[in-house]
Amino acid sequence: MKTSGAGLAGLAITSCGGKAGSSSTNLSLNTGVFNRPFNTPPELLGTIDPATGNKVFNLSMQTGTQRFTGGGVTNTMGINGSYLGPTLRVTQGDVLNLNVTNQIGQETTLHWHGMRPPSDMDGGPHQIIAPNTTWNAAYTVNQQASTNWYHPHPHGTTARQVYAGLAGMMIVDDAVSAGLSLPSTYGKDDFPVVVQDRDMNADGTFAYSVTNMEIQQGKKGNTLLVNGVIDPVLDVPAKEVRFRLLNGSNSRIYTFQLGGGIVFKQIATEQGLLSTPVSLTSITMSPGERAEIVVDFAGLVGQGILFQDAGTGISLFKANVVANTLAVTTTPTTLATLTPLQRNQAVGTRQFILSMGQGKVYINNKQMNINVIDETMVLNDIEILDIQNTSNMDHNFHIHGAFFQLLTRDSGLPKAYETGLKDTVYLPANSRVEAIVQYSQATVAGAPYMYHCHILEHEDAGMMGQFTVA
């Protein structure tokens with residue numbers, strides 16, 4: 001890998017005519033032969049400012065080049081590197097100073113997805129970082145242990161910038177999680193798993209372009225990557241191993257499973273630990289959703305376990321089980337004490353209808369206008385969100401600056417794996433969820449929070465709105 005002066009315009013762009021989701025190559029570049037090492041992004045702990053005690057992170061959004069497979073070298077973007085970014089590690093109560101320098105040659109932002117900073121530090125479309133300037137986001141980590149991520153959020157160009165590689169994980173620790181017998185050694189028995197799909201040419205270069213139909217359906221690539229690698233192999237110890245799953249794709253929905261139907265335990269949703277582990281053989285995740293799972297590889301030394309996406313039939317990586325040299329962990333039956341909000345606490349119901357028509361996408365029959373505040377919330381109010389997808393396409397719904405708990409899905413109970421604290425929820429075609437939320441943070445003047453579909457082509461096309469809290 002090397003740094004390049006090329007901007008996003010240097011991405012290999014080819015015509016993708018025909019039906020939505022068509023690719024520049026007919027076949028996936030996933031071969032099922034796992035011979036590339038698994039890439040665990042570097043863990044960035046920050047440095048302590050001796051004058052203030054604040055934790056400082058210096059992040060450079062930059063262009064670069066990378067060879068994914070074959071002979072092609074593709075132009076990319078990354079944070080402190082050519083593609084993707086480091087895993088930022090913070091602790092509840094930390095006072096952060098995040099210095100973000102824009103070296104990609106175009107306007108951008110950096111949004112802390114899942115974090116709960118003040119609205120003017122959120123990194124949404126109002127916090128534009130001009131080329132060759134540095135933006136400082138300063139806030140206190142005021143949430144429990146969770147797996148979050150960061151990515152650009154400029155209005156109208158988010159999809160292209162994320163596709164080029166601008167994304168990374170952000171892990172929050174706290175005293176509760178530290179006191180549990182869970183795998184927690186980063187890169188040894190605790191691994192980030194950022195799953196993305198990319199449309200690639202046969203030589204492994206990116207081919208991002210979208211037809212109008214692909215904007216409607218969301219851009220789906222022919223090749224799946226884990227932490228920026230095609231077909232990686234990972235040595236895992238013969239013990240419990242934690243995987244922090246992130247659907248970092250622009251639009252693809254995944255159903256993750258282990259080969260042979262191996263049972264795993266889900267221990268967390270986007271905003272933190274579940275009250276008790278949930279035993280699963282698969283989990284479905286839409287873009288922006290996160291989940292933490294624990295797989296017990298004890299007794300499987302010498303075996304190769306495939307991590308798969310049932311939707312495409314592609315195996316994303318292989319876990320080779322090796323002898324364990326780490327302390328053994330035993331996932332407890334009780335993880336966290338969650339006090340769910342109750343329906344009778346809500347002061348009212350707020351409706352969000354996601355729809356499509358005449359080649360456009362809408363929330364509540366409106367498109368995003370950066371000069372218009374769509375909703376006004378009252379600080380500390382508890383509300384029910386009635387979120388409906390009335391279209392024949394998949395969508396999801398993400399809210400900034402708050403988290404919610406699902407009450408119902410299509411008039412029934414939510415899935416077992418989505419009963420925790422969430423900030424993003426999947427809405428298949430013609431579906432409906434009810435969620436309950438409390439607005440615990442006021443917005444800053446001139447800096448509203450966003451709600452939107454996290455299928456990025458839909459977001460860029462206007463399926464987004466703004467709200468204030470006061």
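Pairs meeting the criteria (first residue in the stretch 335-349 and farther than 21 Å from residue 279 by Cβ, second residue part of a loop (DSSP other than H, G, I, E, B) and modelled with pLDDT of 95 or more, beta carbons under 9 Å, at least 6 apart or on different chains) are 346/381; 347/378; 347/381; 348/381.
Within the bounds of the stretch 418-425, is there any residue that is in a strand (DSSP E or B), at pLDDT 95 or above, of a type outside the set (S, T, N, Q) and under 30 Å from residue 185 (Cα atoms)? The answer is yes; a qualifying residue exists.
The set of residues in the stretch 126-168 that are of a type in the set (Gly, Ala, Ser) and over 21 Å from residue 447 (Cα atoms) comprises 145, 146, 159, 164, 165, 167, 168. Just one of the listed residues (132, 75, 136, 80) is free of Cβ contacts under 8 Å to residues at least 40 places away in the same chain and within 30 Å of residue 30 (Cα to Cα), namely 80. Within the stretch 277-306, the set of residues being within 23 Å of the chain's Cα centre (by Cα) and closer than 12 Å to residue 331 by Cβ comprises 277, 278, 279, 292, 293, 294, 295. Screening residue 235 against (1) on the phi < 0 side of the Ramachandran plot; (2) in contact with an Asp or Glu (Cβ under 9 Å, 6 or more places away or on another chain); (3) not hydrophobic (A, V, I, L, M, F, W, C) leaves a single unmet condition, (2). Filtering the stretch 366-389 to residues that are surrounded by fewer than 16 Cβ atoms within 10 Å (Cβ to Cβ) and assigned to a loop (DSSP other than H, G, I, E, B) leaves 367, 369, 370, 371, 372, 373, 378, 379, 380.
The residues of the stretch 397-455 that are among the charged types (D, E, K, R) and farther than 19 Å from residue 142 by Cα, listed by number, are 409, 410, 415, 418, 432, 434. Checking the structure you have, find out if any residue of the stretch 238-249 is in contact with a helix residue (DSSP H, G or I) (Cβ under 8 Å, 6 or more places away or on another chain) and in a helix (DSSP H, G or I). No, because not a single residue in the stretch 238-249 is in contact with a helix residue (DSSP H, G or I) (Cβ under 8 Å, 6 or more places away or on another chain) and in a helix (DSSP H, G or I).
The values are calculated or read from the model by the stated rules, or taken from the named source; none is laboratory data. Bear in mind that the values here come from a model prediction, so they are computed numbers and not experimental data. Because the Cβ atoms are built from the backbone with ideal geometry, glycine has one as well, and the counts that use them run over all protein chains shown.
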